[in-house]
Amino acid sequence: MKSLLARGSELASPKEQLRILSEVSSRKGLPLFEEKLQEIGSFPLRPTGIDILQVNVGKLCNQSCKHCHVDAAPDRKEVMSKETMQECLVALASPNITTLDITGGAPEMNPNFKWFVEEASKLGKKILVRCNLTIVLAGEKYRGLPEFFAKHRVEVISSLPYFQKRRTDAQRGEGVFDRSVQALQKLNEIGYGIPGSGLILNLVYNPGGAFLPGGQSTLESDFKRELKQHFGVEFNSLFALTNMPISRFLEFLLESGNLDSYLEKLVTTFNPSAAAGVMCRNTLSVGWDGSLYDCDFNQMLDMQLEGEVTKISDFNQASLDARAIRLEQHCYGCTAGAGSSCGGSLA
Amino acid sequence: MSQNNTYYHPEDLKKFGNIGEFQPDLAKKFFDYYGSVFADGALSAKEKSLIALAVAHVVQCPYCIDAYTTDTLEKGATEEQLWEAIHVGAAIRGGASLVHSVQALNKVKELGI
Ligand code: SF4
Ligand code: SF4
């Protein structure tokens, strides 16, 4: 599958995506996300600080999953330069930030990925990499990745939509499940996900269609039992994530006729306690060109940060802490049901 | 006849909560009970959802089939689990008819010479 951009789809435009969400909302009489927050006294939404610097090092990916909110694919060329990474490292040195969360695309495909991890590692910060698993088997260039991760005590977070082939391949592409399992076995071999090793391997579940993720703990025990029994695979925790109604998942919702009911479901299952913990409150998101956003979703919707600081080169904690977080209808994806964030359920 | 002029509308599923409009106390008792029945207990919420899916097919309620197909998927059930549950319902339904044939058998014997 090519990216929306390469296919010349109208949906490649963030403006068009936002227009569609707002059109459905008004046609269906759905309240604005802001109004919903007003009702519970949480508007404007303010950050609690910046604990996590989430850096999206590019849209290039070896996969092209149907639900991808980044519209990442092998045909995307945007990758973060070494200079911008250097600017991220300067910000990362700030004592308040405890964690660097590296995402993409397939972040490992950025030519300076290893250098970036090495430098961040010198700063003594916790490093997370959102690894799509198959990249580990994508050729000579990437062969030593598990060992490299282990050397720098990188926490690996990997998407695996389901513990069975059919649903995983339907979403991520033919053969992805088998290769993901092989990659998990490799990671296990060097200690990732094995109790007592200190090498953390977390999996990310997201629904294979227009429905919400159910209870995270039940899903985690199902995944653990099934993956262990059939493939001998172990992992630490499972994070359940809601599919965001943007980009390629929005395309699926539109084409399958599920958009109205999906959006309605997100709104009717709004959970106030999840709203209090949304990830934009303690995370700052950096785009491949150094632009700043409240989260990776706002980044993909081109909703740059409000306020004076809009580039990582101008990083200034006090000014960033005073900003109001930008909200649109997609934000309902973070507050539906048990809530959803990069670290899984919120409530 | 207009297309909407039928007894069942998918849209009506969302209005289930409105049945309390004229008798709120009884509706509240029902929904409280319903909520407790489906909470994790000696059976997990997922197992209960699969049972509900089977029963939905037995009572042939289109609303419940819609709701519990979605709910079982949300709870992480596999398609195989969904269909096994549906077959359990179908087997009991078929068996329930057939076991009554014992009564017919008795009657045949009673009436025969
Ligand atoms: S979901 Fe992840 S692995 Fe799939 S195309 Fe997007 S960035 Fe790549
Ligand atoms: S989509 Fe982003 S800005 Fe909106 S609530 Fe979620 S994390 Fe916050």
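Listed here are the pairs A:Lys2/A:Lys36; A:Lys36/A:Lys126; A:Lys36/B:Lys15; A:Lys28/A:Lys77; A:Lys126/A:Lys311; which of them are more than 27 Å apart at the Cα?
Numbers: A:Lys2/A:Lys36 36 Å; A:Lys36/A:Lys126 34 Å; A:Lys36/B:Lys15 21 Å; A:Lys28/A:Lys77 38 Å; A:Lys126/A:Lys311 23 Å.
Going by Cα-Cα distance, A:Lys2/A:Lys36; A:Lys36/A:Lys126; A:Lys28/A:Lys77 fall outside the 27 Å limit.
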Excluding A:Asp289 itself, what net charge comes from residues whose Cβ is under 9 Å from its Cβ, given Lys and Arg +1 and Asp and Glu -1?
0
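So between A:Ala324 and A:Arg225, what do we pick up on full extension, going 0.36 nm a residue minus the alpha carbon distance? Provide the component values of the computation, followed by the final result.
On the way: separation 99, 0.36 × 99 = 35.64 nm, distance 4.29 nm.
Extra length from A:Ala324 to A:Arg225 when fully extended: 31.3 nm.
If exposed GluC sites (Glu not before Pro) are those in a DSSP loop with at most 12 other Cβ within 10 Å, what is the longest stretch of chain A that has none? List each step's numbers first, then the result.
Details: sites that count: A:Glu174, A:Glu308.
Between exposed loop sites, the widest span is A:1-173.
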Per-residue [θ]222 nm for chain A (sum of -39500 (n - 2.57) over DSSP H runs n ≥ 4, rounded to 500):
-10000 deg cm²/dmol
Exposure proxy order (Cβ contacts within 10 Å, fewest to most) of B:Cys61, A:Cys280:
B:Cys61, A:Cys280
So who's got an amide H within less than 5 Å of the one on A:Phe163, skipping anything under 5 residues away but keeping other chains? H placed 1.01 Å off N, in plane.
none
Using the crude model of +1 on Lys and Arg Cβ and -1 on Asp and Glu Cβ, and no other charge, please compute the dipole size for the stretch A:14-335 relative to its Cα centre, in debye to 20.
680 debye
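Considering only the other residues whose Cβ falls under 11 Å of the Cβ of A:Lys151, what net charge follows from Lys and Arg at +1 and Asp and Glu at -1?
Details: positive: A:Lys114, A:Arg153; negative: A:Glu118, A:Glu147.
Its environment carries a net charge of 0.
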What distance in nm separates the simple spin-label points at B:Leu43 and B:Ser97, each placed 7 Å from Cα in the Cβ direction?
2.4 nm
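Under a Cβ-only charge scheme (Lys and Arg +1, Asp and Glu -1), can you give me the dipole magnitude of chain B about the Cα centre, in debye to the nearest 20? Intermediate results must be reported in sequence, preceding the final value.
Values: 10 positive and 14 negative charges, 89 e Å.
With only Lys, Arg, Asp and Glu charged at Cβ, the dipole is about 420 debye.
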Distance in nm between label sites at B:Cys61 and A:Ile40, each 7 Å beyond Cα in the beta-carbon direction?
2.9 nm
What list do you get for B:Tyr63, B:Tyr68, A:Tyr142 if you sort them by fewest beta carbons within 10 Å?
B:Tyr63, A:Tyr142, B:Tyr68
Round to a whole angstrom and tell me the spacing of the C-alpha centers of the stretch A:28-56 and the stretch A:228-267.
21 Å
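Just for the protein assembly as shown, what percent of DSSP beta bridges are antiparallel, to the closest 5?
Numbers: 6 of 30 bridges.
Within the protein assembly as shown, antiparallel bridges account for around 20 percent of the total.
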Here, the protein assembly as shown modelled as identical Cα point scatterers in vacuum has Debye log10 I(q)/I(0) at q = 0.05, 0.07, 0.09 Å⁻¹ of -0.22, -0.41, -0.65
Extreme residue, positive dipole direction of the protein assembly as shown, given options B:Pro10, B:Ala90, A:Leu305 (C-beta unit charges)
B:Ala90
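Here, each number is a calculation from the coordinates, and none is a lab measurement. Being a predicted model, the structure only gives us computed values, none of them experimental. Cβ coordinates were reconstructed from backbone atoms using ideal geometry, including for glycine residues, and neighbour counts include every protein chain displayed.
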